[in-house]
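A.B. asks: Pasting in a structure now, in structure tokens, and then I'll have a few things to ask.
The values are calculated or read from the model by the stated rules, or taken from the named source; none is laboratory data. All values derive from a computational prediction rather than experimental measurement. Note: ideal-geometry Cβ built from the backbone for every residue, glycine included; neighbour counts use all protein chains shown. Ligands, DNA and RNA are excluded from the accessible area calculation, which covers all protein heavy atoms including side chains. Shrake-Rupley method; radii C 1.70, N 1.55, O 1.52, S 1.80 Å.
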There are 2 protein chains.
Amino acid sequence: FLEPAEHFEYAGFRGLLLSMVVCCIVGGALRFFGRHNRGGQLFQKEAMAIVGLSWVMATILGAMPFYLSGTCTSEGNTVTFIEAMFESQSGFSTTGATVLTDLESPDLVPHCILFWRSWTHFLGGLGIVVLFVAILGQGSAGKAMMRAEMPGPTKEGSMPRMQHTALVFAAIYVGLNMILTAVYMLEGMSLFDGLCHAFGTMATGGFSTYNASHGQFAQLGEFRGALVDYTTIAFMIAAGTNFTLLYLTLLGGPRKLWADVEFRTYVGIILLVTVGIVFFGMKAGDQKFETFSSSVRYGLFQVVSILTTTGYGTADFDGWNNFGRGILLLLMFVGGCAGSTGGGMKVIRHVLFYKILGQEIERAHRPRVVRFIRIGGTTLDDAHLPHAIVVYFSMILAIFVFSWLLLITFEPGSTWGALETDSTLDEKLLDSAAAVAATLNNIGPGFGVAGATQNYAQFSQGAKLMFVWLMMLGRVEVYSVLVLIFPSFWRRN
Amino acid sequence: FLEPAEHFEYAGFRGLLLSMVVCCIVGGALRFFGRHNRGGQLFQKEAMAIVGLSWVMATILGAMPFYLSGTCTSEGNTVTFIEAMFESQSGFSTTGATVLTDLESPDLVPHCILFWRSWTHFLGGLGIVVLFVAILGQGSAGKAMMRAEMPGPTKEGSMPRMQHTALVFAAIYVGLNMILTAVYMLEGMSLFDGLCHAFGTMATGGFSTYNASHGQFAQLGEFRGALVDYTTIAFMIAAGTNFTLLYLTLLGGPRKLWADVEFRTYVGIILLVTVGIVFFGMKAGDQKFETFSSSVRYGLFQVVSILTTTGYGTADFDGWNNFGRGILLLLMFVGGCAGSTGGGMKVIRHVLFYKILGQEIERAHRPRVVRFIRIGGTTLDDAHLPHAIVVYFSMILAIFVFSWLLLITFEPGSTWGALETDSTLDEKLLDSAAAVAATLNNIGPGFGVAGATQNYAQFSQGAKLMFVWLMMLGRVEVYSVLVLIFPSFWRRN
Ligand SMILES: [K+]
Ligand SMILES: [K+]
């Protein structure tokens, strides 16, 4: 007596309940095995290991609802466990890449699973802002990123101060999610859509509940559609901003924002790239670039979406001119600000990298003049910082190149649909690079087969597993995962 | 009473004579203006500036024969001055990229111009091995690259020692050119072909006298064709080896070769990549990969040709499987050994970069243990070396990315022939990356429109000018050219 869709919705609900049971069992077991732990201080390496292992566990447990509910990637194809892990990792890491080809069919994806999917974004984003305080805020590089101005008890890195900061960050994050949901509903979304898209925006995640992604809301009409787009742009920019800075702005007004070199650079990049995209888009006569106002609306949205690593789409940038496509591919390697929910390499690392290079070139000319790197008016006295930045950049490059080589070598041509011709060969090389960049930097959409209007369903199981790994590596900023696989890390000094 | 071809050959001869007159006038004028120079010691920055300016002048003067002879890029299209500069720069920088579409037509390219074209390779290669001693051998990074074992007067960097070393290098270079010409002639080439291809091989240049590049010699028959191919492979490997090492091997036998970490890595890369290319090529059933012996012959040739930055082709790697294409694209960024005629980033820089990264990761775990980078059994005591390497890598990356963005933005779609479709968009992004990589690293052939069986004629004049610049930047290892444009360099301390 149940309709098929209702029956499937019930299966989704049962899947969620079963997953909760699994979580309770695993959690209970871990608590039981760790019952003799007396608390005490965590060492940095232990903290990093906990982050890495927790992320692995969250990925596996978060995959349960998709797997146990029998969610389908497409007609007749139930998700494999690897695909469930992909969806779960993509959620927690706020990447927003998906293997589900039809979100709107209640016979393929139950509504409660769709909500769980967006909820993983909310949890992932919350985890990131809190982890940033707990882990990254400890090291000197992290301190440089977090600004020394953060109010709280004076003893740096002390427990009460960290807890206080984490609480403030969490409050800002939850507050912004609530405000955005309310704004969305005022603009005409349902509660369900409002919540899911607020989670997707504030976590810089990018999961939508529609096949057309954020582009769906163009159906709200010319005015309300534009309003929703600009609302999302504003909140994506906020989500990609350092939460310390958001807090200071709440206390002291927007003057604080402009005093920050990372924020200035971040806004500068958005403006500069948007100008370029609007100019070349209108010149090439690309879709949505017919009028100036439309160009700004769609150009700005895509730039902010990629830079903040949200990955929502309102236009198919895959069909844009080559300047547009090329610069978006480069933007994937920039990312949001440190201490935000945004992924990627972060603006501050690029600023520091640029300063380090400038200093080195200067030093080659005048070896005897000792200079320090100044950022935001304060001198960085940490001699290790340049090394940490350079190592990070090199690791990202190495992981990118190696993953790309793996993908182009082992991914079958059938992923690209047609028989292999010269042009699919080119497409394969390029799409693979974009897919690796989009997952490693937690963006979501790439080019071509995994482009703005497509998804990751076509890729082989092996490739999907690699993407799961890349999303995790990107999200926990490489180190926390790598320490797990380098045994030398575990040797005591 | 002259045949058109004979008449054109005469024009070529006249062009060469006129160019000599121009050179004499320019040289005489420079000598006149510098007549009060009393000799004396050169400072490093002056030496670097001389290298940069000489290269600019050589490019312009070397372009004269092409321009004054009225050489044609294709039927009815006489070279522009930019195209003449492209051909000249490509020769001196031993890149071997060309804008001449039909080398075999005596109505388009006179034979004496064809010889001049190959002769610029010879001169360029000679300049590089001597410059390496004079310029790079002075800095500490250069010393690390040159090995301390080089015999000669003991006072390091002293004039007599440098002159001695430069003379030894030049003698080895000229000797190898002569031997290779003789071997080629024994294998069935004409004196003209033998000389031109010996110049192209020993300078790691890659200019051929045939449209089919080195592949032409397959016409010598199965056995003799293979013989020529393996001869070229052997001499390309020699040309990509540090000349210090070649000299030491002449004195002390091949044991010296294996003691060198850069040479071991270099040979290791060749073997490893060839195994991969043969395996995946045979698996994919690519052209020339029908039998194992053919796979090894053609796979090895292309790998050595790209790694040593020679750029000769015997197979169209553009049609290979994606592993083959992808790994060749990556190899473009490796290059030959330091102190060879090979271009690119050089194997030793990659070895050092890898060691620097390893040290940094180690240091992150154990901050208190001070370690030094050891290379070939000796400890590098230069604290500046890691910085120099990192800056160099970053500069190459920055130049690559920036040039790529320029090319995809401003190069018209008509370069790719057809109307812009989705697949030409992909091709454009990829071909542009390959063309920038192939010119910046002095390889020559790239992918697609500038691929193994194609040339650079299709590109716009602006793009050609950019390639001239990139070839120069790559060849003089970035620094010497950049100092010319940074005014801060010229301020006295
Ligand atoms: K995302
Ligand atoms: K070359």
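A.B. asks: Mind listing the phi-derived Karplus ³J(HN,Hα) values for region B:409-417, rounded to whole Hz, using 6.51, -1.76 and 1.60 with θ = phi - 60°, and x for any glycine or proline?
C.D. replies: For region B:409-417, the Karplus-derived couplings read 7, 9, 6, x, x, 5, 4, 8, x Hz, x marking Gly and Pro.
A.B. asks: Between copies, how far apart are the A:PRO254 label points? List them in nm, one decimal, shortest first, with each point 7 Å from Cα toward Cβ, please?
C.D. replies: So the distances to the same position in the other copies read 7.3 nm.
A.B. asks: Within a Cβ distance under 14 Å of B:ARG224, other residues only, what is the Lys/Arg minus Asp/Glu net charge?
C.D. replies: Residues close to B:ARG224 contribute a combined charge of -3.
A.B. asks: Within region B:197-239, find all residues whose amide N lies under 14 Å from a label point positioned 7 Å from the Cα of B:ASP102 along Cα-to-beta-carbon.
C.D. replies: Counting backbone N atoms under 14 Å from the label point, the list is B:211-212.
A.B. asks: Oh, and also: Could you give the length gained by full extension between B:ILE269 and B:ASN77, i.e. 0.36 nm per residue of separation minus their alpha carbon distance, to one decimal place?
C.D. replies: This chain segment gains 64.9 nm when fully extended.
A.B. asks: Calculate, for A:TYR230 and A:ARG255, the FRET efficiency according to 1/(1 + (r/R0)^6) with r their C-beta to C-beta distance and R0 22 Å; round to the nearest 0.05.
C.D. replies: Calculated value: 0.40.
A.B. asks: Follow-up. Once you place label points 7 Å from the Cα toward the Cβ at A:GLU187 and B:ASN37, how far apart are they in nm?
C.D. replies: It works out to 6.7 nm between the two label points.
A.B. asks: Net charge near A:LEU16, counting Lys/Arg +1 and Asp/Glu -1 over other residues with Cβ under 12 Å of its Cβ?
C.D. replies: Result for the local shell: +1.
A.B. asks: So, one more: Among the GluC sites (Glu not before Pro) in region A:46-108, which ones are in a DSSP loop with at most 15 other Cβ atoms within 10 Å of the Cβ? Mind listing them?
C.D. replies: Loop-located and lightly packed - A:GLU75, A:GLU104.
A.B. asks: So how much accessible surface do A and B hide from each other in total, probe 1.4 Å, in square angstrom to the nearest 100?
C.D. replies: About 4000 Å² of accessible surface is lost on pairing.
A.B. asks: Something else about it: Amide H of A:MET332: which non-local residues (sequence gap of 5 or more, or other chain) have their own amide H closer than 5 Å, using H built in the peptide plane?
C.D. replies: none
A.B. asks: On to the next question. Which whole-Hz couplings ³J(HN,Hα) result when phi for each residue of region A:452-468 is put into the Karplus expression 6.51 cos²θ - 1.76 cosθ + 1.60, θ = phi - 60°, listed in order with x for Gly and Pro?
C.D. replies: 4, 9, 10, 8, 8, 4, 5, 5, 5, 4, x, 5, 4, 5, 5, 5, 4
A.B. asks: Follow-up. Say each of B:PHE279 and B:GLN219 gets a label point 7 Å from the Cα, pointing the same way as Cα to Cβ; how far apart are those two points in nm?
C.D. replies: Result for the modelled spin labels: 3.8 nm.
A.B. asks: Work out the mean other chain Cβ neighbour count within 10 Å for the residues of B:321-328 and drop it here as an integer.
C.D. replies: Average per residue, whole number: 6.
A.B. asks: Going down the list A:LYS346/B:LYS346; A:LYS283/B:LYS464; A:LYS346/B:LYS428; A:LYS428/B:LYS428; B:LYS256/B:LYS346, which pairs span over 25 Å between their C-alpha atoms?
C.D. replies: As for pairs spanning more than 25 Å Cα to Cα, those are A:LYS346/B:LYS346; A:LYS346/B:LYS428.
A.B. asks: Could you pull out every residue, at least 5 positions away or on a different chain, whose amide H is within less than 5 Å of the one on A:THR98? Hs are placed 1.01 Å off N in the peptide plane, and Pro or chain starts have none.
C.D. replies: Under 5 Å from the amide H of A:THR98: A:TYR456.
A.B. asks: Under a Cβ-Cβ cut-off of 15 Å, what is the net charge of the residues other than A:GLY474 that fall near it, where Lys and Arg count +1 and Asp and Glu count -1?
C.D. replies: After counting each charged neighbour, the total is +2.
A.B. asks: Set the Förster radius R0 to 22 Å, insert the Cβ-Cβ distance between A:LEU397 and B:THR409 as r into 1/(1 + (r/R0)^6), and round the FRET efficiency to 0.05.
C.D. replies: 0.40
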